[in-house]
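The values are calculated or read from the model by the stated rules, or taken from the named source; none is laboratory data. Just so we're clear, the structure is a prediction, and the values are computed from it rather than from any experiment. Virtual Cβ from ideal backbone geometry, glycine too; neighbours counted across all protein chains shown. We work out accessible area using only protein heavy atoms, side chains counted, and drop any ligands, DNA or RNA first. Shrake-Rupley method; radii C 1.70, N 1.55, O 1.52, S 1.80 Å.
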There are 2 protein chains.
Amino acid sequence: VIERLSLNQATVKRATLAEAVALCVAEGITGIGLWRDRVEEIGVRAARELVAEAGLRVTSLCRGGFFTSPDWPADNLSALEQAAELRADVLVLVCGGIPGGGTDLAEARARVAAGLAALVPRAADMGVRLGIEPLHPIFAADRCVVSTLGQALDLAEPYPADTVGVVVDTYHVWWDPDLAGQLARAGDRIAAFQLCDWLVPVPADNLLGRGHLGDGRIDFPAIAALVAAAGYTGPIEVEIFNADVWDAPPAETVRTVRERFATVLR
Amino acid sequence: VIERLSLNQATVKRATLAEAVALCVAEGITGIGLWRDRVEEIGVRAARELVAEAGLRVTSLCRGGFFTSPDWPADNLSALEQAAELRADVLVLVCGGIPGGGTDLAEARARVAAGLAALVPRAADMGVRLGIEPLHPIFAADRCVVSTLGQALDLAEPYPADTVGVVVDTYHVWWDPDLAGQLARAGDRIAAFQLCDWLVPVPADNLLGRGHLGDGRIDFPAIAALVAAAGYTGPIEVEIFNADVWDAPPAETVRTVRERFATVLR
């Protein structure tokens, strides 16, 4: 399964895109998940050339979405253009929290659905696949009001699967009692599969509480088997947000990513 | 609605039971949710006399459960006896996390179902109502593998509603996209309704990240309306785990609890 490994560049937060690409090549990793801030540092065209010359597949671009922010349309159009030029498998959508420090969760969710409806035709025109990512409920207030895979699938369902899919990240969905049923339902809507572990105790900065595979409490073989049973055969990204991982030498981090992936999903 | 307010004594963590009871009387609060550690300090009989003399209703006893720990049977029998003697409306069950630092979530959930099956006949014999409390998914690994109201209802459903109910705590369920549907389904299984707010950013110790009503991002009127529509007319507890709230003078905390309750649920 190692040939399906893709490095999400957020895992080596301090590395430039050129450095991250070189690390993938050094470790025999054939895919990379990109982040817009690192792409924009060198420009989209240069980024495209860099990954193409290295023979890397762009397994995702992070991120569009944030439909509950006033400036979402311009930002998402820019993200679509970048995703198209990078030939990314999917543009990951993090849909946004409750706006303005408020409490109206229902209204925020309605905004997400409306934003998606506006964005989908543009994505279809540009040949970009959108991936709605449910985020762990700990982020529901301030980052993403889409909290379960079932909810993401409800949002995706009105649209063709090759235009609107879902992103399955173990960190966000591992706890869901309905995970098996919703993964089976997801089928060919699974646009990306991302891995990182759930650490206990949860670190103080919960945004950075993710761990290397095997360091936490997630049953990766069980979830991988469900994703496989749903028919997904695509790349598998490792994406770790963690201050200690980011402080480690990037080459060491990528080596650990590769080793753990091979061990956990053997 | 103020006559339905009950003070969960965890909100005044540093107060003894006698102090908490006196604070309820002083503020005209007619119900109290008890914790076993504070009850055991003075003994169950003395605790019963204390609340009865003050004219307080015991709206809950926290807690039984932790079915994934080896010593759960003895501890739960003790909890049942205490709940019966205190004439508590419900014994709250916090069901336990994944045991032994492991990753087998499915097995942990099976243990919870098995533990419940063993406990229910004893509870029925003793006339104690059990309340399964789903905890926020942030606690799924280390505290409670029951993460949604729907999952709690699935566990409760094989048993009579007056023996096995569910505990609805806004902090744990507010984010759930299926909340309206599951509350409607819950109906007379709602054994307790607890309130506290979701703070942003989430404090470093996420166990203590709860706030006074109105300080966070939960839409209390919306959730209270759903609970009312489900037919629940019982007490409404305020239960806040928060280091700052605990460090405040208890009398001030209880006054704030009462004021915020009246404002938010007016």
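Here are the numbers:
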| read-out | value |
| --- | --- |
| Residue match in the range B:202-213 (condition: more than 16 Å from B:H136 (Cα to Cα) and open to solvent by less than 20 Å² (accessible area, probe 1.4 Å)) | yes |
| Meets criteria (open to solvent by 10 Å² or more (accessible area, probe 1.4 Å) and modelled with pLDDT of 95 or more) for A:D71 | no |
| Residue tally, condition in a loop (DSSP other than H, G, I, E, B) and surrounded by fewer than 17 Cβ atoms within 10 Å (Cβ to Cβ), over the range A:228-247 | 2 |
| Breaking point among (1) more than 9 Å from every other protein chain (Cβ to nearest Cβ); (2) open to solvent by less than 50 Å² (accessible area, probe 1.4 Å), for B:D188 | (2) |
| Close pairs (7 angstrom Cβ cut-off, 6 or more residues apart or separate chains): free of Cβ contacts under 8 Å to residues at least 12 places away in the same chain in the range A:94-121, part of a helix (DSSP H, G or I) and open to solvent by less than 10 Å² (accessible area, probe 1.4 Å) anywhere | none |
| Options A:G65, A:G55, A:G115, A:G101: the member that is open to solvent by 10 Å² or more (accessible area, probe 1.4 Å) and farther than 26 Å from A:I29 by Cα | A:G101 |
| Selection count where residues are farther than 20 Å from A:Q194 by Cβ, small (G, A, S) and assigned to a loop (DSSP other than H, G, I, E, B), scope the range A:61-96 | 1 |
| Residue that is nearest to the chain's Cα centre (by Cα), among those in the range B:31-52 that are more than 18 Å from B:E133 (Cβ to Cβ) and open to solvent by less than 10 Å² (accessible area, probe 1.4 Å) | B:V39 |
| Filter result (away from chain A (no Cβ under 11 Å), touching a helix residue (DSSP H, G or I) at 6+ places or on another chain (Cβ under 6 Å) and open to solvent by less than 20 Å² (accessible area, probe 1.4 Å)) within the range B:85-98 | B:L86, B:L91, B:C95 |
| Test for A:V173: is it of a type in the set (A, V, I, L, M) and either farther than 29 Å from A:W72 by Cα or within 12 Å of another protein chain (Cβ to nearest Cβ) (or both) | yes |
| Qualifying residues in the range B:118-127 (those that are of a type in the set (G, A, S) and part of a helix (DSSP H, G or I)) - the one surrounded by the most Cβ atoms within 10 Å (Cβ to Cβ) | B:A123 |
| Among (1) over 16 Å from B:G65 (Cα atoms); (2) facing another protein chain (nearest Cβ under 9 Å); (3) of a type in the set (V, I, T) - the single one B:V145 does not satisfy | (1) |
| Filter pass, B:A26 being closer than 30 Å to B:H212 by Cβ, among the aliphatic types (A, V, I, L, M), open to solvent by less than 40 Å² (accessible area, probe 1.4 Å) and in contact with a helix residue (DSSP H, G or I) (Cβ under 9 Å, 6 or more places away or on another chain) | no |
| Residue count for the range B:128-142, restricted to those that are in contact (Cβ under 8 Å) with a residue 40 or more places away in the chain, within 14 Å of another protein chain (Cβ to nearest Cβ) and either touching a His at 6+ places or on another chain (Cβ under 6 Å) or open to solvent by 10 Å² or more (accessible area, probe 1.4 Å) (or both) | 2 |
| Conditions (1) open to solvent by 50 Å² or more (accessible area, probe 1.4 Å); (2) under 19 Å from the mean Cα position of the chain (by Cα); (3) of a type outside the set (A, V, I, L, M, F, W, C): number failed by B:T11 | (1) |
| Residues that are more than 29 Å from A:V145 (Cβ to Cβ), in contact with a helix residue (DSSP H, G or I) (Cβ under 7 Å, 6 or more places away or on another chain) and not charged (D, E, K, R), drawn from the range B:235-261 | B:P235, B:P250, B:A251, B:T253, B:V254 |
| Inter-residue pairs, beta-carbon under 9 Å, first farther than 19 Å from B:E19 by Cα and open to solvent by less than 30 Å² (accessible area, probe 1.4 Å) and in the range B:248-266, second of a type outside the set (S, T, Y) and modelled with pLDDT under 95, 6+ apart | B:F261/B:V1; B:F261/B:I2; B:L265/B:V1; B:L265/B:I2 |
| Qualifying residue in the range A:114-126 (condition: under 27 Å from A:L50 (Cα atoms), under 19 Å from the mean Cα position of the chain (by Cα) and hydrophobic (A, V, I, L, M, F, W, C)) | yes |
| Residue within the range A:111-134 that is in contact with a strand residue (DSSP E or B) (Cβ under 6 Å, 6 or more places away or on another chain) and within 30 Å of B:D197 (Cβ to Cβ) present | yes |
| Scope the range B:197-214; condition under 18 Å from A:G102 (Cβ atoms) and either within 11 Å of another protein chain (Cβ to nearest Cβ) or touching a residue at least 40 places away in the same chain (Cβ under 8 Å) (or both); matching residues | B:D197, B:W198, B:L199, B:V200, B:P201, B:V202, B:H212, B:L213, B:G214 |
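Residue-by-condition table, conditions (1) at positive phi; (2) touching a Pro at 6+ places or on another chain (Cβ under 9 Å); (3) of a type in the set (V, I, T):
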site	(1), (2), (3)
B:P177	no, no, no
B:G181	no, no, no
B:Q194	no, no, no
B:W198	no, no, no
B:V202	no, no, yes
B:N206	no, yes, no
